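Please treat every number below as a calculation from the coordinates, not as lab data. These numbers were taken from a predicted model, which means no experiment stands behind them. Heads up, the Cβs are rebuilt from the backbone with ideal geometry, glycines too, and the neighbour counts pull from every protein chain shown.
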Amino acid sequence: MTIVPASFIFGAVLFGMEHNTSPTHSPNVAELRALYRAAEARAARLRFIIEVQNLLDAAAFETAALDALSRLADFAGASLARLVFPSFQGKVPVQLSVGKSTSPESDNILFASQAGSDLCLTIIGSSKARAIDADDRQTLEVVAGQLADAYNLNRQVAENQALLGDLQRQRSELAALVAQLIQAQEQERQRVALDLHDGSAQLAAGLSYRLQDLAARIGDAHALKPEIDQLAALARHSVADLRAAIADLRPPELDDLGVAAALRTRLDAIDDLEVIADLDAAADRWPASTGIIFYRVAQEAITNVIKHAEASRLVVRLFEDGAGEAHLEVIDDGNGIGELRHPQRGGRLGIVGMRERLALLGGRIEISVGSSGGTHVRATAPISQETTSE
């Protein structure tokens, strides 16, 4: 079965009616021919609108607008097509033109459209150019609207890109400020550690040595020997506490090896708990600010377990997930850390400190007490590469 196109049938009908000699059919032939020409004109205008939209969808606005202006000039039989719109960067208008004026004295504006307040399309021809009828003017209005929509969309994209650039720059500046803040805090800790080492720790060590020497010189039979021994023991204990505080203020492993190595050293020094450490070595390559913050949070959580939880088992995990986030987990089987059991004693300062440190990195912390006892501390923060300004 052969399928005959409808246009062929319509043409054949017209052809047959044109050759019909019956005078009663002549008016119908004229009407059909007029309808056919009108339909073709409407189809041509529709194709023109679609072609312009395809141009605007396929290329950057200014490039596509030039092509559209060229087609508009051809469509209207004009010598010049001009589009005026504000620039993206300032208030000075930008003008795109296709064609040129052949005789400025005889120029005639064939069409001018104010599509909104920020874009104007003008088509210029000579006084001898054909007039634009109502259908053509409607088509030009539609195309002017397409140009306005494309311009507004392009402007929104440009503005969004500019805002995104500003946001990225602000994030970069914030990361640099956070890194500087953390570095300043750590430098202050290091200064305090050095002051303690060179001052109080040396004095306490000297006191311990003098008391031990005094106890040895007076002999065991002296009445003050027990008290001197007690004082010497207190001095030695003070020296040990000061050295531990100095190590906590700025552990050398944190600078030399990284957060995982520093945490492992901290955990290896715990004798009265079963300690399970699952520390990803990749954490040692984290940015300095991330490593320092996570070490401080882990340090606070571990200290709480040792001092308050009355636990027998401690689990510490440190790792990075596939989404570029750092994770820390500190889990114990005790009765709950002091901040959770005794918030009225001011112990919540430790939790507040951990939250504030993580907030510098845009992170968060969750602390929960298990139904069967123990506490689970979870800390998470994005691993952002810090930048430094010269």
Inset, instruction - Give the cross-link partners of Lys128 among the aspartates and glutamates, using a straight C-alpha distance below 17 Å as the criterion and excluding same-chain residues fewer than 8 apart. - result: Asp74, Glu105, Asp107
Legend entry - Globularity ratio of the stretch 106-212, using Cα Rg and 2.2 N^0.38 Å: 2.82
Inset, instruction - Within the stretch 130-192, list the GluC sites (Glu not before Pro) lying in a DSSP loop whose Cβ has at most 10 other Cβ atoms in a 10 Å radius. - result: none
Inset, instruction - Could you pull the Cα extents of the stretch 193-238 along its three principal axes, largest to smallest, in whole Å? - result: 41, 15, 9
Inset, instruction - Give a quick list of trypsin sites (Lys or Arg not before Pro) in the stretch 117-217 that DSSP marks as loop, anything other than H, G, I, E or B, with at most 12 other Cβ atoms within 10 Å. - result: Lys128, Arg130
Legend entry - Eligible aspartates and glutamates near Lys225 by straight Cα distance, threshold 19 Å, same-chain separation 8 or greater: Asp213
Legend entry - Alpha carbon centroid spacing (whole Å) that separates the stretch 255-308 from the stretch 194-244: 31 Å
Legend entry - Rg and Dmax [Cα atoms of the stretch 177-328; Å; Rg one decimal, Dmax integer]: 19.9, 70
